[in-house]
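Trainee: Attaching a single structure in structure tokens format; questions to follow.
The values are calculated or read from the model by the stated rules, or taken from the named source; none is laboratory data. Since we're looking at a predicted model, the values are computed, not measured. Note: ideal-geometry Cβ built from the backbone for every residue, glycine included; neighbour counts use all protein chains shown. Please note that ligands, DNA and RNA were not included when accessible areas were found on the heavy atoms of the full protein model with its side chains. Shrake-Rupley method; radii C 1.70, N 1.55, O 1.52, S 1.80 Å.
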Amino acid sequence: MPVDFTAIDFETANRSSASACSVGLVKVRDGRPVDEAYWLIKPPFPHDEFSEWNVRIHGITPDQVTDAPLWRDLLPEFAEFAGDDWLVAHNAGFDMNVLRGLADAFGVDAPNHRYLCSLQVARSTYHLDSYRLPVAAMAAGFEDFSHHNALDDSRACAAIVAHAAKRHEADDLDALARSTKARIGTIGTVATREHRADHGPMALQ
């Protein structure tokens, strides 16, 4: 089905949502991956301490990001890559919180996107014992990838959403969300505009 979106996955140095140390992106057009990007990221102080647990999970060490760009320096490339796409991620709340945490850390606006969670989509598409990314990806026919590599995880997420769209005969992510009862999320000023549309002018804090 002709679904278009950008899949995204972050890995973090520690429990802070502003400690992103890598990001993977996969652009999908008409249900097929057409472009991808992967960047190591230098976490900003004071979010730059690497926990032993996180390093064990993704294998990225402080030495590997010493000369990596900060997120604020990658923002123009991210904006060019993602454009106005919907974002999709597995357990999307985590990755959207990273985008918000990075925006707060650098005093910039969060990027403006609607998003969909492939975990929620998978739960309404497959009958599995577990809906962890490797298991759901296998159900979508995507196997043998390096879990917790941000680019590989984005590829797996993209495969799940594209496969689910075919299963549900959905020709866009709005239709897929309706079919799977997955929540449509918003980030950035998209969220602000939609809040105002639903609830009227926002009160000043």
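Trainee: Give, rounded to the nearest 20 debye, the magnitude of the charge dipole that the chain has about its Cα centre when Lys and Arg contribute +1 at Cβ and Asp and Glu contribute -1 at Cβ.
Mentor: Taking the Cα centre of the chain as origin, the dipole is about 700 debye.
Trainee: Could I ask something else about it? Mind ordering 99-106, 32-39 by average Cβ neighbours within 10 Å, highest first?
Mentor: Details: 99-106: 19.6, 32-39: 14.9.
Descending mean neighbour count gives 99-106, 32-39.
Trainee: Then there's this: On alpha-carbon atoms, Rg over Rh for region 145-191 using Kirkwood Rh?
Mentor: My calculation of the ratio gives 1.06.
Trainee: When you count, for each residue, the other Cβ atoms within 10 Å and take the mean per peptide, how do 66-78, 154-166 rank with the highest first?
Mentor: Packing order, densest peptide first, comes out as 154-166, 66-78.
Trainee: Taking 1 over the mean of 1/r across every pair of different Cα atoms in the chain, what Kirkwood radius in Å do you get?
Mentor: 17.3 Å
Trainee: Here's something else I'd like to know. I'd like the carbon and sulfur percentage of the solvent accessible area for the chain, probe radius 1.4 Å, heavy atoms only, ligands and nucleic acids excluded.
Mentor: Details: 4990 of 10690 Å².
Looking at the chain in its full context, I get 47 percent from C and S.
Trainee: Continuing with this model, one more query. Name the residues whose placed amide hydrogens come within less than 5 Å of the amide hydrogen of S17, ignoring near sequence neighbours (fewer than 5 apart) on the same chain.
Mentor: none
Trainee: Next question. For the chain, set up a Gaussian network in which alpha carbons nearer than 10 Å are linked by springs, and say which option among H168, H127, H58 fluctuates the most.
Mentor: Highest fluctuation of the listed residues: H127.
Trainee: I've got another one for you. Could you work out the percent of alpha carbon pairs in region 70-174 separated by over 18 Å, rounded to a whole number?
Mentor: More than 18 Å apart: 52 percent of the Cα pairs in region 70-174.
Trainee: Which three semi-axes in whole Å describe the equivalent ellipsoid of region 1-62, each the square root of 5 times a Cα gyration tensor eigenvalue, listed largest first?
Mentor: Rounded to whole Å, the semi-axes are 29, 10, 9.
Trainee: How much accessible area per residue does region 49-116 have, counting only protein heavy atoms and a probe of 1.4 Å, in square angstrom?
Mentor: For region 49-116, the per-residue accessible area is 53 Å².
Trainee: Per-residue HN-Hα couplings for region 128-133, Karplus 6.51 cos²θ - 1.76 cosθ + 1.60 at θ = phi - 60°, whole Hz, x for Gly and Pro?
Mentor: Along region 128-133, the couplings run 10, 6, 9, 10, 4, 3 Hz.
Trainee: Related question: With θ set to phi - 60°, apply the Karplus curve 6.51 cos²θ - 1.76 cosθ + 1.60 along region 105-118 and write out the HN-Hα couplings as whole Hz, x wherever there is a Gly or Pro.
Mentor: My calculation for region 105-118 gives 5, 9, x, 10, 6, 5, x, 9, 8, 8, 8, 9, 9, 5 Hz in order.
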